[in-house]
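Trainee: One structure is given below, represented as C-alpha coordinates, and several questions about it will come after.
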Amino acid sequence: MGAYQKIRVEAEPSGFGARVSGIDLTGALDDVEAAEINRAWAEHSVLVFPDQAMGIEDLERTTLYFGEFGVDPFVQPLSDHPHVIEVKREPDEKSIVFGAAWHSDWSFQATPPSATLLHARIIPPVGGNTLYADTTRAYEALSPEWKERVKDMHAIHSASAAYGTQGVLARDPQQSSMSIITGEAAHGREIHPVVRAHPVTGRRSLFINPVYTRGIDGADEVEGQEILAALYAHMLQDEFVYEHRWSPDMLAIWDNRCTMHLAQGGYEGHRRLLYRTTVAGERPA
(Lines give C-alpha, C1' and ligand atoms only; values in the text may rest on other atoms or scores of the structure.)
Protein backbone atom coordinates (compact mmCIF):
# COMPACT_ATOMS: atom_id res chain seq x y z
CA MET A 1 0.00 0.00 0.00
CA GLY A 2 1.20 3.52 -0.73
CA ALA A 3 1.74 6.39 1.67
CA TYR A 4 -1.18 8.25 3.20
CA GLN A 5 -1.99 11.68 1.75
CA LYS A 6 -4.12 13.23 4.51
CA ILE A 7 -3.32 11.41 7.76
CA ARG A 8 -0.24 10.32 9.70
CA VAL A 9 -0.19 6.74 10.97
CA GLU A 10 2.29 5.57 13.60
CA ALA A 11 1.91 1.81 13.94
CA GLU A 12 2.92 -0.41 16.82
CA PRO A 13 6.01 -2.56 16.03
CA SER A 14 3.83 -5.62 15.44
CA GLY A 15 1.52 -3.70 13.10
CA PHE A 16 -1.37 -4.37 15.49
CA GLY A 17 -2.60 -1.00 16.71
CA ALA A 18 -1.72 2.45 15.41
CA ARG A 19 -1.91 6.10 16.43
CA VAL A 20 -3.49 8.43 13.87
CA SER A 21 -2.88 12.19 13.71
CA GLY A 22 -3.23 14.97 11.17
CA ILE A 23 -7.01 14.75 11.12
CA ASP A 24 -9.77 16.68 12.89
CA LEU A 25 -12.78 14.58 13.86
CA THR A 26 -14.72 17.55 15.22
CA GLY A 27 -15.68 18.42 11.65
CA ALA A 28 -16.78 16.54 8.56
CA LEU A 29 -14.16 14.52 6.67
CA ASP A 30 -13.64 14.61 2.94
CA ASP A 31 -13.74 11.43 0.87
CA VAL A 32 -9.96 10.95 0.93
CA GLU A 33 -9.74 11.33 4.71
CA ALA A 34 -12.62 8.91 5.28
CA ALA A 35 -11.08 6.35 2.90
CA GLU A 36 -7.68 6.64 4.54
CA ILE A 37 -8.91 6.08 8.08
CA ASN A 38 -10.84 3.03 6.86
CA ARG A 39 -7.71 1.75 5.16
CA ALA A 40 -5.63 2.30 8.32
CA TRP A 41 -8.29 0.53 10.38
CA ALA A 42 -8.22 -2.50 8.06
CA GLU A 43 -4.42 -2.60 8.23
CA HIS A 44 -4.00 -2.18 12.00
CA SER A 45 -7.32 -3.34 13.58
CA VAL A 46 -7.07 -0.85 16.47
CA LEU A 47 -6.73 2.90 15.86
CA VAL A 48 -6.32 5.64 18.46
CA PHE A 49 -6.84 9.33 17.69
CA PRO A 50 -5.41 11.60 20.41
CA ASP A 51 -6.56 15.15 21.12
CA GLN A 52 -10.02 14.94 19.56
CA ALA A 53 -12.28 17.25 21.59
CA MET A 54 -15.42 15.67 20.15
CA GLY A 55 -19.01 16.18 21.17
CA ILE A 56 -21.54 13.37 21.00
CA GLU A 57 -22.71 14.51 17.56
CA ASP A 58 -19.09 14.34 16.34
CA LEU A 59 -18.85 10.78 17.62
CA GLU A 60 -22.07 9.84 15.82
CA ARG A 61 -20.88 11.41 12.55
CA THR A 62 -17.47 9.72 12.80
CA THR A 63 -19.12 6.35 13.46
CA LEU A 64 -21.00 6.58 10.16
CA TYR A 65 -17.73 6.82 8.19
CA PHE A 66 -17.27 3.14 9.07
CA GLY A 67 -20.82 1.93 8.42
CA GLU A 68 -24.33 2.07 9.84
CA PHE A 69 -24.95 2.05 13.57
CA GLY A 70 -24.98 -1.32 15.27
CA VAL A 71 -27.62 -2.62 17.68
CA ASP A 72 -26.51 -2.44 21.32
CA PRO A 73 -28.57 -4.66 23.66
CA PHE A 74 -28.41 -4.90 27.46
CA VAL A 75 -27.17 -1.35 28.09
CA GLN A 76 -29.56 1.61 28.07
CA PRO A 77 -28.36 4.33 25.66
CA LEU A 78 -28.59 8.07 26.17
CA SER A 79 -32.23 9.16 25.97
CA ASP A 80 -31.56 11.72 23.23
CA HIS A 81 -28.87 9.73 21.39
CA PRO A 82 -30.20 6.16 20.95
CA HIS A 83 -26.96 4.82 19.43
CA VAL A 84 -24.65 6.16 22.14
CA ILE A 85 -23.82 4.42 25.44
CA GLU A 86 -22.34 6.27 28.38
CA VAL A 87 -19.53 4.14 29.83
CA LYS A 88 -19.03 5.58 33.28
CA ARG A 89 -17.89 4.73 36.77
CA GLU A 90 -18.22 6.93 39.83
CA PRO A 91 -15.39 7.41 42.38
CA ASP A 92 -17.09 5.36 45.11
CA GLU A 93 -18.54 2.68 42.86
CA LYS A 94 -18.04 -0.99 43.85
CA SER A 95 -19.82 -2.75 40.98
CA ILE A 96 -18.07 -4.94 38.43
CA VAL A 97 -15.98 -2.91 35.98
CA PHE A 98 -17.86 -2.86 32.66
CA GLY A 99 -16.01 -4.97 30.08
CA ALA A 100 -13.53 -6.39 32.60
CA ALA A 101 -13.12 -9.78 30.92
CA TRP A 102 -11.83 -10.75 27.49
CA HIS A 103 -14.55 -10.44 24.86
CA SER A 104 -15.49 -9.34 21.35
CA ASP A 105 -18.42 -6.97 21.48
CA TRP A 106 -21.81 -8.65 21.09
CA SER A 107 -20.41 -11.74 19.35
CA PHE A 108 -23.66 -13.51 20.32
CA GLN A 109 -25.59 -11.50 17.72
CA ALA A 110 -26.46 -12.99 14.34
CA THR A 111 -24.49 -10.12 12.78
CA PRO A 112 -22.04 -8.90 15.44
CA PRO A 113 -20.73 -5.33 15.18
CA SER A 114 -17.75 -4.79 12.91
CA ALA A 115 -16.43 -1.90 14.98
CA THR A 116 -16.66 -0.22 18.34
CA LEU A 117 -15.78 3.45 18.87
CA LEU A 118 -15.00 4.78 22.34
CA HIS A 119 -14.33 8.46 23.09
CA ALA A 120 -12.75 9.52 26.38
CA ARG A 121 -14.11 12.48 28.34
CA ILE A 122 -12.87 11.98 31.90
CA ILE A 123 -9.84 9.74 32.41
CA PRO A 124 -8.39 8.95 35.86
CA PRO A 125 -4.69 9.58 36.50
CA VAL A 126 -4.13 5.88 37.21
CA GLY A 127 -5.47 2.58 35.88
CA GLY A 128 -8.19 2.05 33.31
CA ASN A 129 -6.02 0.79 30.45
CA THR A 130 -7.60 -1.36 27.73
CA LEU A 131 -5.93 -4.55 26.51
CA TYR A 132 -6.44 -5.71 22.91
CA ALA A 133 -5.63 -9.17 21.54
CA ASP A 134 -4.83 -9.70 17.86
CA THR A 135 -6.80 -12.79 16.87
CA THR A 136 -5.52 -12.64 13.28
CA ARG A 137 -1.85 -13.12 14.11
CA ALA A 138 -2.92 -15.63 16.75
CA TYR A 139 -4.64 -17.71 14.08
CA GLU A 140 -1.70 -17.37 11.70
CA ALA A 141 0.66 -18.61 14.42
CA LEU A 142 -1.32 -21.80 15.07
CA SER A 143 0.41 -25.06 14.23
CA PRO A 144 -0.69 -26.80 11.03
CA GLU A 145 -2.37 -29.43 13.18
CA TRP A 146 -4.47 -26.87 15.03
CA LYS A 147 -5.37 -25.04 11.83
CA GLU A 148 -6.64 -28.30 10.40
CA ARG A 149 -8.55 -29.07 13.60
CA VAL A 150 -10.43 -25.75 13.78
CA LYS A 151 -10.93 -24.99 10.08
CA ASP A 152 -14.54 -26.25 9.98
CA MET A 153 -15.33 -25.89 13.67
CA HIS A 154 -18.24 -23.77 14.92
CA ALA A 155 -18.79 -22.23 18.34
CA ILE A 156 -21.90 -21.43 20.39
CA HIS A 157 -22.23 -17.77 21.42
CA SER A 158 -24.62 -16.41 24.05
CA ALA A 159 -24.90 -13.42 26.39
CA SER A 160 -26.30 -15.58 29.19
CA ALA A 161 -23.14 -15.75 31.33
CA ALA A 162 -22.94 -11.94 31.47
CA TYR A 163 -26.51 -10.61 31.11
CA GLY A 164 -28.71 -13.65 31.75
CA THR A 165 -31.03 -14.12 34.72
CA GLN A 166 -28.21 -15.80 36.64
CA GLY A 167 -25.40 -14.01 34.83
CA VAL A 168 -22.50 -12.22 36.46
CA LEU A 169 -24.07 -8.79 36.08
CA ALA A 170 -27.48 -9.92 37.36
CA ARG A 171 -25.82 -11.34 40.47
CA ASP A 172 -23.60 -8.31 41.13
CA PRO A 173 -24.61 -7.13 44.64
CA GLN A 174 -23.41 -3.58 43.92
CA GLN A 175 -25.45 -1.13 41.87
CA SER A 176 -23.74 0.07 38.68
CA SER A 177 -24.00 3.71 37.65
CA MET A 178 -24.57 2.41 34.12
CA SER A 179 -28.04 1.29 33.06
CA ILE A 180 -27.39 -2.44 32.61
CA ILE A 181 -30.29 -4.64 31.41
CA THR A 182 -30.34 -8.33 32.36
CA GLY A 183 -32.94 -11.02 31.81
CA GLU A 184 -34.28 -13.82 29.63
CA ALA A 185 -33.42 -12.03 26.38
CA ALA A 186 -29.76 -12.81 27.03
CA HIS A 187 -30.31 -16.57 26.80
CA GLY A 188 -30.49 -16.79 23.00
CA ARG A 189 -27.72 -18.54 21.06
CA GLU A 190 -25.95 -18.08 17.77
CA ILE A 191 -23.56 -20.46 16.01
CA HIS A 192 -20.52 -18.87 14.35
CA PRO A 193 -17.38 -20.32 12.74
CA VAL A 194 -14.35 -20.51 15.02
CA VAL A 195 -12.26 -19.19 12.13
CA ARG A 196 -13.67 -16.28 10.12
CA ALA A 197 -12.32 -14.41 7.10
CA HIS A 198 -12.13 -10.63 7.22
CA PRO A 199 -14.41 -9.20 4.51
CA VAL A 200 -11.89 -6.47 3.59
CA THR A 201 -8.43 -8.00 4.06
CA GLY A 202 -9.31 -11.67 3.54
CA ARG A 203 -7.08 -12.61 6.51
CA ARG A 204 -8.39 -15.30 8.83
CA SER A 205 -8.93 -14.79 12.55
CA LEU A 206 -10.05 -16.80 15.55
CA PHE A 207 -13.57 -15.66 16.40
CA ILE A 208 -14.12 -16.86 19.95
CA ASN A 209 -13.96 -15.12 23.33
CA PRO A 210 -14.26 -16.17 26.99
CA VAL A 211 -17.34 -14.07 27.85
CA TYR A 212 -19.73 -14.93 25.03
CA THR A 213 -18.46 -18.24 23.60
CA ARG A 214 -20.19 -20.95 25.59
CA GLY A 215 -18.99 -24.10 23.84
CA ILE A 216 -18.11 -25.87 20.61
CA ASP A 217 -21.00 -26.98 18.44
CA GLY A 218 -21.14 -30.77 18.20
CA ALA A 219 -18.67 -31.37 21.05
CA ASP A 220 -19.57 -32.38 24.60
CA GLU A 221 -19.07 -29.73 27.27
CA VAL A 222 -15.76 -31.06 28.59
CA GLU A 223 -14.16 -31.43 25.18
CA GLY A 224 -15.49 -28.05 24.04
CA GLN A 225 -14.11 -26.25 27.08
CA GLU A 226 -10.74 -27.95 26.68
CA ILE A 227 -10.51 -26.79 23.06
CA LEU A 228 -11.51 -23.24 23.98
CA ALA A 229 -9.09 -23.09 26.93
CA ALA A 230 -6.19 -24.17 24.71
CA LEU A 231 -7.08 -21.58 22.07
CA TYR A 232 -7.46 -18.78 24.63
CA ALA A 233 -4.08 -19.59 26.17
CA HIS A 234 -2.57 -19.29 22.69
CA MET A 235 -4.46 -16.10 21.76
CA LEU A 236 -3.51 -14.26 24.95
CA GLN A 237 0.22 -14.68 24.71
CA ASP A 238 2.06 -11.40 25.21
CA GLU A 239 3.13 -11.24 21.56
CA PHE A 240 -0.50 -10.87 20.47
CA VAL A 241 -1.59 -8.30 23.11
CA TYR A 242 -1.41 -4.51 22.87
CA GLU A 243 -1.99 -2.38 25.99
CA HIS A 244 -3.60 0.99 25.38
CA ARG A 245 -3.40 3.87 27.83
CA TRP A 246 -6.14 6.48 27.60
CA SER A 247 -5.95 10.25 27.79
CA PRO A 248 -8.80 12.80 27.77
CA ASP A 249 -10.29 13.53 24.31
CA MET A 250 -8.84 10.35 22.81
CA LEU A 251 -10.93 8.27 20.41
CA ALA A 252 -10.30 4.57 19.86
CA ILE A 253 -11.85 2.34 17.21
CA TRP A 254 -11.32 -1.40 17.05
CA ASP A 255 -12.35 -4.22 14.77
CA ASN A 256 -14.45 -6.78 16.65
CA ARG A 257 -14.03 -9.28 13.81
CA CYS A 258 -10.35 -9.81 14.54
CA THR A 259 -9.74 -8.59 18.10
CA MET A 260 -10.70 -9.25 21.68
CA HIS A 261 -10.43 -6.63 24.39
CA LEU A 262 -10.53 -6.23 28.17
CA ALA A 263 -11.13 -3.12 30.28
CA GLN A 264 -8.86 -2.84 33.30
CA GLY A 265 -9.81 -1.26 36.62
CA GLY A 266 -7.36 0.17 39.12
CA TYR A 267 -8.78 3.70 39.33
CA GLU A 268 -10.84 3.47 42.51
CA GLY A 269 -11.65 6.88 43.95
CA HIS A 270 -11.70 8.52 40.52
CA ARG A 271 -14.53 9.21 38.07
CA ARG A 272 -14.23 7.80 34.54
CA LEU A 273 -16.48 8.75 31.61
CA LEU A 274 -16.42 7.70 27.96
CA TYR A 275 -19.00 7.52 25.14
CA ARG A 276 -19.40 4.45 22.95
CA THR A 277 -20.99 3.50 19.63
CA THR A 278 -20.86 0.40 17.46
CA VAL A 279 -20.93 -0.17 13.70
CA ALA A 280 -23.17 -2.81 12.15
CA GLY A 281 -21.35 -5.88 10.85
CA GLU A 282 -22.06 -8.93 8.74
CA ARG A 283 -22.65 -12.57 9.61
CA PRO A 284 -19.28 -14.24 10.30
CA ALA A 285 -18.09 -16.52 7.52
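Trainee: Being over 19 Å from Thr259 (Cα atoms), crowded, with 18+ Cβ neighbours inside 10 Å and out of contact with any strand residue (DSSP E or B) (no Cβ under 9 Å at 6 or more places or on another chain), is that true of even one residue in segment 149-172?
Mentor: Yes: one or more hits.
Trainee: A further question follows. If I ask for residues that are small (Gly, Ala, Ser) and either under 17 Å from His261 (Cα atoms) or assigned to a helix (DSSP H, G or I) (or both), which ones from segment 225-250 would you list?
Mentor: Selection gives Ala229, Ala230, Ala233.
Residues checked against (1) crowded, with 21+ Cβ neighbours inside 10 Å; (2) under 30 Å from Pro50 (Cβ atoms):
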site: Glu190; (1), (2): no, no
site: Arg245; (1), (2): no, yes
site: Asn256; (1), (2): yes, yes
site: Met260; (1), (2): yes, yes
site: Arg272; (1), (2): yes, yes
site: Ala285; (1), (2): no, no
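Trainee: Another question about this same structure. Quick check, is Ala170 modelled with pLDDT under 95 and either part of a helix (DSSP H, G or I) or not acidic (Asp, Glu) (or both)?
Mentor: yes
Trainee: Could you tell me which residue of segment 79-116 is farthest from His270 (Cα to Cα), considering only residues that are among the charged types (D, E, K, R), assigned to a loop (DSSP other than H, G, I, E, B) and touching a residue at least 24 places away in the same chain (Cβ under 8 Å)?
Mentor: Asp105
Trainee: Taking Gly218 as the residue in question, decide whether it is on the phi > 0 side of the Ramachandran plot and surrounded by fewer than 17 Cβ atoms within 10 Å (Cβ to Cβ).
Mentor: It is true that Gly218 is on the phi > 0 side of the Ramachandran plot and surrounded by fewer than 17 Cβ atoms within 10 Å (Cβ to Cβ).
Trainee: A further question follows. Here is a list: Leu236, Leu273, Leu228. Which entry is under 27 Å from His81 (Cα atoms), modelled with pLDDT of 95 or more and in contact with a strand residue (DSSP E or B) (Cβ under 8 Å, 6 or more places away or on another chain)?
Mentor: Residue meeting the stated conditions: Leu273.
The values are calculated or read from the model by the stated rules, or taken from the named source; none is laboratory data. Note that the structure is a prediction, hence the values are computed from the model and not measured. Ideal geometry is used to build each Cβ from the backbone, glycine not excepted, and the neighbour counts take in all protein chains shown.
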